[in-house]
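The values are calculated or read from the model by the stated rules, or taken from the named source; none is laboratory data. Because the structure is predicted, anything quoted here is derived from the model rather than measured. Don't worry about glycine lacking a Cβ; one is built from the backbone with ideal geometry, like all the others, and counts go over all protein chains shown.
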Amino acid sequence: MSAPGLPSLDEVVDRLGAVRDRIRRAGGDPGCVEVLGVTKGLPPEIVAVALGAGLRSLGENYAQELQSKVAWCDAHRVELVAEPAWHFIGHLQRNKVRQIADAVGCFQSVDRPELADEVAKRRPGASVLIQVNTTGEASKSGCAPGDAEALVERARGLGLAVDGLMTVGPTDVDADPTPAFRQLRRLVDAMGLQVASMGMTGDLEAAVAEGSTMVRIGTALFGPRPPRS
C-alpha cells in the first residue's frame, strides 16, 4: 500500500525510535509523552505506514485532507493493523466542523467560543484541547492566555471534554520557544488539566523540558512534505 516517495515502514520505525530518544534526552519519559504523527500534506497511504510503525494517534490540519484519509481508511479497513485516532490540529472554520465531526477523536484547536459552540452542536461530548497563543504572534491562532480559563469553562459548560491545552511555538526558528511552552504548562497546571500539547519536529526538546505530554511530529517521522498546491 506504499506510494512513490513515501518512507518505508522500517524507516518510520527507526525515525519514531529516534524521536523517542530525543524525548528521553530532553528529560521526558517516552512512555508518558505521546507522539502524534502529523500526516498533513502526504498521500493517504502514509496512514498504513504510520499505523504499522506503532503510531495510533494521527493529526491533520485541513478538513479536506482529513476527509480524504478517512475515506481511504474506510476503503482499506481490512488491510490496516489498527484504527487511527484522528486529531484535528489546524485552524478550523465553523463551517467545516460538520464535515469532519464524526471522524475526529480530539479537536486540538478550539480557540474561540463560537467554535466551541459548533463542536458541541455537531459532536456532543467531544474531546477538545483549547489552543492558546502563547507567542503573541498575530499570525497564529489561539486565544489569549488570559482568556484560556474562560474558554475552558465555556467548553465544559457545553458538555465538551476539555482534556488540556495546545500551543504552537514561535515561527522564528531562532527565537527561544521556552517562554511560550512554560506559559502553557503553567496554565495547564493552574487549571488542573492533564494534556499539554506542545512541541514539533524543530522544538520538541524545549517543549518536553517544559512538561509537554504530547508532541506533534511530521517531518522527523515522514520526511519533508511536498509543496501544498
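Among the listed residues 58, 36, identify the single one that is touching a Pro at 6+ places or on another chain (Cβ under 9 Å) and closer than 16 Å to residue 222 by Cβ. Steps first, answer last, please.
On the way: 36 fails: touching a Pro at 6+ places or on another chain (Cβ under 9 Å).
Exactly one of 58, 36 is touching a Pro at 6+ places or on another chain (Cβ under 9 Å) and closer than 16 Å to residue 222 by Cβ, namely 58.
Taking the listed residues 31, 54, 17, 27, the one that is touching a helix residue (DSSP H, G or I) at 6+ places or on another chain (Cβ under 8 Å), over 22 Å from residue 227 (Cα atoms), surrounded by fewer than 14 Cβ atoms within 10 Å (Cβ to Cβ) and not acidic (Asp, Glu) is 27, with no other qualifying. Filtered by the rule that a residue be closer than 24 Å to residue 129 by Cα and without any contact (Cβ under 8 Å) to a residue 12 or more places away in the chain, the stretch 65-92 gives a lone residue, 83.
The set of residues in the stretch 146-193 being within 15 Å of the chain's Cα centre (by Cα) and surrounded by fewer than 22 Cβ atoms within 10 Å (Cβ to Cβ) consists of 163 alone. Residues in the stretch 139-158 that are at pLDDT 95 or above, over 19 Å from residue 59 (Cα atoms) and of a type in the set (Gly, Ala, Ser): 144, 146, 148, 150, 155, 157. When the stretch 93-138 is limited to residues that are in contact (Cβ under 8 Å) with a residue 40 or more places away in the chain and of a type in the set (S, T, N, Q), the one that is nearest to residue 51 (Cα to Cα) turns out to be 108.
Exactly one residue out of 189, 174 is in a helix (DSSP H, G or I) and acidic (Asp, Glu): that is 189.
Exactly one residue among 69, 96 is within 18 Å of the chain's Cα centre (by Cα), over 23 Å from residue 19 (Cβ atoms) and at pLDDT 95 or above, and that residue is 96. Restricting attention to the stretch 34-51, and to residues there that are over 19 Å from residue 212 (Cβ atoms) and in contact with a strand residue (DSSP E or B) (Cβ under 6 Å, 6 or more places away or on another chain), which single residue is surrounded by the fewest Cβ atoms within 10 Å (Cβ to Cβ)? Filtering first and then ranking leaves 40.
Can you name the strands (runs of 3 or more DSSP E) wholly within the stretch 12-131 that have at least 3 residues being of a type in the set (A, V, I, L, M, F, W, C) and within 27 Å of residue 146 (Cα to Cα)? It comes to 104-110, 127-131. Counting only residues that are of a type in the set (A, V, I, L, M) and either farther than 25 Å from residue 77 by Cα or in a loop (DSSP other than H, G, I, E, B) (or both), which one in the stretch 1-11 is nearest to the chain's Cα centre (by Cα)? Here the residue is 6.
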